[in-house]
1. Go through 94, 423, 249, 277 and list them by solvent-accessible area, largest first, probe radius 1.4 Å.
2. Among the lysines, which fall within straight-line cross-link reach of residue 259, defined as a Cα-Cα distance under 29 Å, with same-chain neighbours fewer than 8 residues apart omitted?
3. If each residue of separation counts as 0.36 nm, what is the full-extension length gain between residue 73 and residue 102 once their alpha-carbon separation is subtracted?
4. Can you give the angle from 0 to 90° between the axis of helix 101-121 and the longest principal axis of the chain, with both taken from C-alpha atoms, to the nearest 10?
5. Cα convex hull of the chain: mean projected area in nm², to one decimal?
6. Using the eigenvalues of the Cα gyration tensor, what equivalent ellipsoid semi-axes result for the range 104-250 when each is taken as the square root of five times the eigenvalue, whole Å, largest first?
7. Please find the FRET efficiency linking residue 50 to residue 325, where r is the Cβ-Cβ separation and R0 is fixed at 30 Å, and quote it to the nearest 0.05.
8. Given 0.36 nm per residue, what is the gain on full extension from residue 254 to residue 193 after removing their alpha carbon distance, in nm?
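The values are calculated or read from the model by the stated rules, or taken from the named source; none is laboratory data. Small disclaimer: the values here were computed from a predicted structure and weren't measured. Ideal geometry is used to build each Cβ from the backbone, glycine not excepted, and the neighbour counts take in all protein chains shown. Areas reflect the complete protein model, heavy atoms only, side chains present, ligands, DNA and RNA absent. Shrake-Rupley method; radii C 1.70, N 1.55, O 1.52, S 1.80 Å.
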Amino acid sequence: MANLEKIYGQFDFESNSLEKSRGLKSVTMDESIGASLPDRQYRINEEIRRIFNHGAREDLEIGGHPDFDHLAESRSHEYGYVVSLFMDVAGSTKLGITYPPDIVFNIKNNIIRCAIETIQAFGGHVHRIMGDAVLAFFRNENTEIADSCINSLNCGTYLIKFVEELVIPELQRKGVNEDVGIRVGMDYGPSEQVLWGMYGYRNVSEITATSYYVDIAAKLQHSAPKNKIMIGQSFKEHLDLHDDLIYIKTEGSDKIPDKYVTPNYKRPDDSKMNYKKFVLNSDKYYELLPSPSEEEGNLKIQATPKKENTAVEAQHFYSCARAFKKDPNGLSRLGAEFKATFRLPAMSGPYRVKFRVENHGEDAALDDPDNFGNHEVFEDAKIRNDGTYFCSHWEHTSYVGLHYMIVSVWDKEEKNKIIGEKKFGVYVT
């Protein structure tokens with residue numbers, strides 16, 4: 001739990017704020033759990049953006065989308081891509097049977113407040129709050145589509161972990177035994193299939209996106225298991241997520257696959273949509289993401305987009321935080337330089353660092369069906385003036401998808417592993 005407390009604050013529902021039934025009492029708003037839950041003073045936005053190396057950002061607005069606010073005056077329409085994230089608080093209806101409205105309000109509101117800050121921290125825009133649900137859009141004129149997808153996925157994963165590790169244990173500790181959680185759905189709509197415009201009349205209006213893919217995000221959320229993320233086919237295909245991280249939901253004791261969004265609508269030619277949906281293995285994916293605990297680890301990895309044999313650039317990416325560009329023709333030698341730093345006794349050195357590549361996705365399978373282009377190489381580590389060791393290795397970004405650079409530290413004979421493997425997620429688009 002200490003991991004996420006560094007971002008969301010210590011989730012301590014103090015006093016008797018949840019006491020109501022079973023001989024317990026209700027409370028006023030000032031005594032409520034709202035007074036002890038994270039607000040902007042806990043620096044959720046700043047901490048997440050620092051950990052992911054995203055730079056400063058403030059966005060306190062809600063509604064519409066900044067990229068299309070001008071449509072309110074022009075009354076026109078524009079096409080533009082969007083990644084939609086739909087989150088709701090699951091189990092909140094049952095809370096109303098056991099607890100009075102003020103307590104239910106505070107539980108739901110504080111989950112939503114933290115969701116808003118998390119969405120903003122990952123570059124998303126809160127479009128609408130609907131009772132116990134939040135709709136957010138991830139897109140920006142200066143952001144690559146893949147990065148918008150990545151930001152949405154990272155945001156949803158952090159929200160799931162926040163609820164699992166902080167909210168649920170504390171609610172249970174205070175006697176709230178109802179099955180409270182969240183469900184998240186998300187999908188990507190390409191520009192030619194997302195129309196932005198203003199609905200309604202002047203002063204009774206909303207600028208929003210019209211698209212099958214926006215509507216599907218809500219259906220994906222509804223279909224998601226509790227404390228899970230459900231992604232749509234378009235989203236999955238754009239990032240080319242592999243089977244190690246996603247799976248098909250099953251129903252009943254017979255484990256019948258639930259592959260498609262329902263209702264399974266028909267196209268004009270009477271064929272079924274058969275639009276696929278996938279559950280994210282959020283536990284596995286979270287292990288790839290930057291986190292407060294990673295900062296405390298001995299072995300640290302970052303990567304810089306650069307061409308082979310060129311000067312080192314100042315920009316650096318963290319695991320799964322942003323996408324690298326694929327070399328379009330394989331000739332420009334576009335790639336990534338991976339940099340590993342660690343501390344070990346100098347007297348036990350020198351050390352060698354193993355960089356092991358694990359590729360995934362259709363590109364890698366087409367190029368090398370047997371081995372996906374997987375390989376490994378050792379490099380010498382050099383000690384710096386501050387006593388830390390440093391080692392770098394360049395790799396060509398040849399394949400679209402989510403791949404892994406797996407790093408470990410060995411003795412000079414490459415026989416004994418000194419620091420175990422650490423996995424670094426590499427998106428290529």
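1. 94, 423, 249, 277
2. Within the straight-line cut-off, residue 259 pairs with 94, 161, 219, 226, 228, 236, 249, 272, 276, 277, 284.
3. Length gained between residue 73 and residue 102: 6.5 nm.
4. With rounding to tens, the tilt is 30 degrees.
5. Its average projected convex-hull area is 26.7 nm².
6. Ellipsoid semi-axes (Å, largest first): 26, 21, 14.
7. On the way: r = 25 Å, r/R0 = 0.82.
Efficiency at R0 = 30 Å is approximately 0.75.
8. My answer for the length gained is 18.2 nm.
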